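K.L.:
The structure follows.
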Amino acid sequence: MKRNNLKFNFLSLTTGVALLILVAITNQLTKNQYFTQEIYPKIYHKIHSNYSGFFDFLSFSLGDVLYLFLIVFLIYKISKGLKEIIQKEFLKALKIFSQILFFLMSFWVIFHWVWGFNYYKKPIIRSVRTEIPLDDLKSMALQHFERAKRYSEQNLEFMPDSSVKVSLFSPLMRYFGVTGYFNPFSGEAQRVGKIPLLQIPFTNAHELAHQKGWAREYEANYIGYTNASKGDIPSRYSAEYAAMNYILREIYAEDSIFVRNIINEFPPKMQVDRAERIRFHEKYKGIADEVFTELNHYFLKSNNQTEGIKSYSRFVELLHQDYLKSKDLAH
Ligand SMILES: [Zn+2]
């Protein structure tokens, strides 16, 4: 074996071992209460206050460009590896696939350190799902409906939020049924282009909540709702509509007539917005949407959100807690 080759092998072996140690440490830390509750939130606070919005001066999403490079790089490497297998160059193939593995491992480690540990923070909700009485759900739905209705009659001129960028992958994302996402590597929040206006402020608020370190979907929904419902009129309208929608979805299985009746009471502006939302959903729903939902389900499950996509709707439980508090105050 040539001297150079020997040096190279030693280097890749050391890198491999170092990476494995990093993976093991990171994995161990996800299980360490003191680290996830006390230390990491402080680290993330520093990351967030110094780097979130760091790339706001760019009008496009740098994170998206980064993802694009990664995808192209991975496709290139995998096809090269497969070519070596076909040509029976197994050692060369092994080298390429171990490079891919190293790469994915580093990606996983970096993901956790720049944001992913937020998934392990103490949830802002009890771990056991609580059954919400149907009557409570109904009066909550009515409250949010009344607010949405009031805002729908005001000036809803939409102001774009410069801290949320339009995704470069918008056409694809629309078919995946995605309205926005947060890129932990660049700290940028993205929303998908051409989604119904009604959904934009709530989507923005949801992604900005992720950026603040609220990793779980229902937390991002709830913090997003709380912030948007104190924002300008379009934000309030969007937030109240979204909250109402989530609650109506919960009610639907129990009392679909109640849901129908509320929808029939929508004022004209809300009717138009609802129709646009349905039209949008119908246009893009399809196989990609189902595949993505399934993938997202497993992504969430693998990141400490044991309920997968159901976790979005636990938002209603948090709204219920607020509802109970406000009811107590009224007495
Ligand atoms: Zn989210």
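K.L.:
Please go through (1) part of a helix (DSSP H, G or I); (2) surrounded by 14 or more Cβ atoms within 10 Å (Cβ to Cβ) for residue 38 and return the number of the only condition it doesn't satisfy.
P.N.:
(2)
K.L.:
Any residue at all in the range 126-133 that is within 26 Å of residue 32 (Cβ to Cβ), away from the ligand (no atom under 16 Å from the Cβ) and not small (Gly, Ala, Ser)?
P.N.:
Yes, the range 126-133 contains a residue that is within 26 Å of residue 32 (Cβ to Cβ), away from the ligand (no atom under 16 Å from the Cβ) and not small (Gly, Ala, Ser).
K.L.:
Could you grab me the full set of residues in the range 175-191 that are polar (S, T, N, Q) and either under 15 Å from residue 299 (Cβ atoms) or more than 12 Å from the ligand (Cβ to nearest atom) (or both)?
P.N.:
183, 186
K.L.:
Name the residue, out of 223, 200, that is touching a residue at least 24 places away in the same chain (Cβ under 8 Å), within 16 Å of the ligand (Cβ to nearest atom) and under 18 Å from the mean Cα position of the chain (by Cα).
P.N.:
Testing whether each residue is touching a residue at least 24 places away in the same chain (Cβ under 8 Å), within 16 Å of the ligand (Cβ to nearest atom) and under 18 Å from the mean Cα position of the chain (by Cα) leaves just 200.
K.L.:
So residue 230 ticks every box in (1) of a type outside the set (Phe, Trp, Tyr); (2) in contact (Cβ under 8 Å) with a residue 40 or more places away in the chain; (3) under 29 Å from residue 49 (Cα atoms); (4) more than 16 Å from the ligand (Cβ to nearest atom) but one. Which box is left unticked?
P.N.:
Of the numbered conditions (1) of a type outside the set (Phe, Trp, Tyr); (2) in contact (Cβ under 8 Å) with a residue 40 or more places away in the chain; (3) under 29 Å from residue 49 (Cα atoms); (4) more than 16 Å from the ligand (Cβ to nearest atom), the odd one out for residue 230 is (2).
K.L.:
Please verify whether residue 313 is more than 18 Å from residue 134 (Cβ to Cβ) and at pLDDT below 80, treating the condition exactly as stated.
P.N.:
For residue 313, the condition - more than 18 Å from residue 134 (Cβ to Cβ) and at pLDDT below 80 - is not met.
K.L.:
I've got another one for you. Considering each of 254, 265 in turn, give the residue that is more than 27 Å from residue 116 (Cα to Cα), among the acidic types (Asp, Glu) and either within 16 Å of the ligand (Cβ to nearest atom) or at pLDDT 95 or above (or both).
P.N.:
Exactly one residue qualifies, and that residue is 265.
K.L.:
As an exercise: evaluate residue 132 against (1) of a type in the set (Val, Ile, Thr); (2) within 22 Å of residue 223 (Cβ to Cβ); (3) surrounded by fewer than 12 Cβ atoms within 10 Å (Cβ to Cβ) and give the number of the one condition it does not meet.
P.N.:
Residue 132 satisfies every listed condition except (3).
K.L.:
A further question follows. Do we have residue 288 as part of a helix (DSSP H, G or I) and modelled with pLDDT of 95 or more here?
P.N.:
Answer is no for this residue.
K.L.:
Mind checking whether some residue in the range 201-209 is modelled with pLDDT under 95 and among the small types (Gly, Ala, Ser)?
P.N.:
no
The values are calculated or read from the model by the stated rules, or taken from the named source; none is laboratory data. Everything numeric in this text was worked out from a predicted model, so none of it was measured. Every residue, glycine among them, receives a Cβ derived from its backbone with ideal geometry; neighbour counts consider all protein chains shown.
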